[in-house]
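Novice: Quick one: structure below, then a few questions.
The values are calculated or read from the model by the stated rules, or taken from the named source; none is laboratory data. Source: prediction; values computed, not measured. Heads up, the Cβs are rebuilt from the backbone with ideal geometry, glycines too, and the neighbour counts pull from every protein chain shown.
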Amino acid sequence: MTTLLDDDIRKRVTDPLDSINKETGDTPFRVFSDWLNLTLTSFTGDEESYQKTLSRYRSNGFDEDAVDQLVNLHAEALGGLVLGLEESNEDILGGVYEHYGLTSDRFGQYFTPGPVSRAMAAITIPDDGDLREATLDDPLVIGDISGCGSGRLIVDSARQLRAVAPEVPAVFLGYEKDSLCAKMAVINFVLNDIIGYVLLGDALKLKPQKVWSAGTGRMLKGERPVSVLTAEETDWVVSRFFGEEDRNAAEETSQGSLVDFELG
C-alpha cells in the first residue's frame, strides 16, 4: 500500500462496507463498486441507476427492511469518508481501494504515495505571472491525464493552489481508463470542492467513453454537483482542452462555456 492512512479513519469507511460484505456475501470488489455507484448516482441524481443496485439486493432475497439497512450502511461509509477528509490530507478513497487489494498489476495501477503526490503538486502550480493571467474566460488548467487514478494528484494540486492563490480561477482535468478509479476521482472532486472534468477512456485516443462534470457551486442553483456530459458537450471538452487546432472553434460554437457557469 502507498497510502499512509490512519486505521481509525479508514475503519469509518471499511467497517460499514465490511458489514455489507457479511450481510450479502458479496465480494469486497462488489461491495466497494456498489458503494461508489450509489454515491455517484446520488450526486448525479440518476435514480434509475441508483435503484439498479437496490433491485439486485431485492432479487437476492432481501426484504425492504434489509435493503434499507444496507442503504444505511452505504450512507454510513460515505459519512465516514466525509469526516475523514476533515481530519486527514491523505487520499482516503484510494487508501480504502488499496486496503481491499483492488489495484491491478495488469492495468499498471500503482498509486503515488501521498508525500510524493503533494511534492509533485507543489511544483505543478505555475509561477506568479501565469497565475495573474488566469481569468474566468481563460482559467488556469491543471490536469492529470496519464491515468489520474482516484484523483490524488489533482486533489493535492487544488489544495496547493488554494494555499498560494485562492482567488485564481482554475479548472481541473482527470483522464482515467479504469471505470472504478474514474468514479473515485469524480467523488473526490465533489468532496474536495474541485471544479472540472473526469474523462473515462484511453487518453492517447482522445475518445472518452464518458465525461463527468463536477462542481459544487452549481448546488447553489438547485442543481446536482455532478453531471454526465452529452456527446456534444464531450466533444466541446475534448476540443477545448486537448485540441489546440479546434480550441477557437470550440469557443465560438459553444452555447455558453461549460466552465464559465461554474467559475462565474
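This table checks each residue for (1) in the same structural domain as Asp156 (by TED's automatic domain parsing); (2) touching a helix residue (DSSP H, G or I) at 6+ places or on another chain (Cβ under 9 Å).
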{"residue": "Trp35", "(1), (2)": "no, yes"}
{"residue": "Leu38", "(1), (2)": "no, yes"}
{"residue": "Asp68", "(1), (2)": "no, no"}
{"residue": "Leu83", "(1), (2)": "no, yes"}
{"residue": "Met120", "(1), (2)": "yes, yes"}
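Novice: Could you please give the count of residues in the stretch 201-236 that are of a type in the set (A, V, I, L, M) and assigned to a helix (DSSP H, G or I)?
Specialist: The number of residues fulfilling the criteria is 3.
Novice: Let me ask you something else. Can you name every residue in the stretch 21-38 that is of a type in the set (Ser, Thr, Tyr) and within 17 Å of Ser150 (Cβ to Cβ)?
Specialist: Ser33
Novice: Residue under question is Asp193, and the condition is that it be more than 22 Å from Asp128 (Cβ to Cβ), touching a Lys or Arg at 6+ places or on another chain (Cβ under 8 Å) and part of a loop (DSSP other than H, G, I, E, B); does it hold?
Specialist: no
Novice: Only one residue in Thr24, Thr41, Thr14 is within 27 Å of Tyr197 (Cβ to Cβ) and among the β-branched types (Val, Ile, Thr). Which one?
Specialist: Thr41 is the lone residue from the list that is within 27 Å of Tyr197 (Cβ to Cβ) and among the β-branched types (Val, Ile, Thr).
Novice: What's the total number of residues in the stretch 173-197 that are more than 15 Å from Asp91 (Cβ to Cβ) and surrounded by 24 or more Cβ atoms within 10 Å (Cβ to Cβ)?
Specialist: Going through the stretch 173-197 one residue at a time, the tally reaches 3.
Novice: Answer yes if at least one residue in the stretch 164-179 is assigned to a helix (DSSP H, G or I) and over 15 Å from the mean Cα position of the chain (by Cα), and no otherwise.
Specialist: yes
Novice: Let me ask something else. Search the stretch 206-224 for residues being crowded, with 16+ Cβ neighbours inside 10 Å and of a type in the set (S, T, N, Q), and hand back the single one that is nearest to Asp144 (Cα to Cα).
Specialist: Ser213
Novice: Looking at this structure, is Gly45 touching a strand residue (DSSP E or B) at 6+ places or on another chain (Cβ under 9 Å) and at pLDDT 95 or above?
Specialist: Against the criterion (touching a strand residue (DSSP E or B) at 6+ places or on another chain (Cβ under 9 Å) and at pLDDT 95 or above), Gly45 qualifies.
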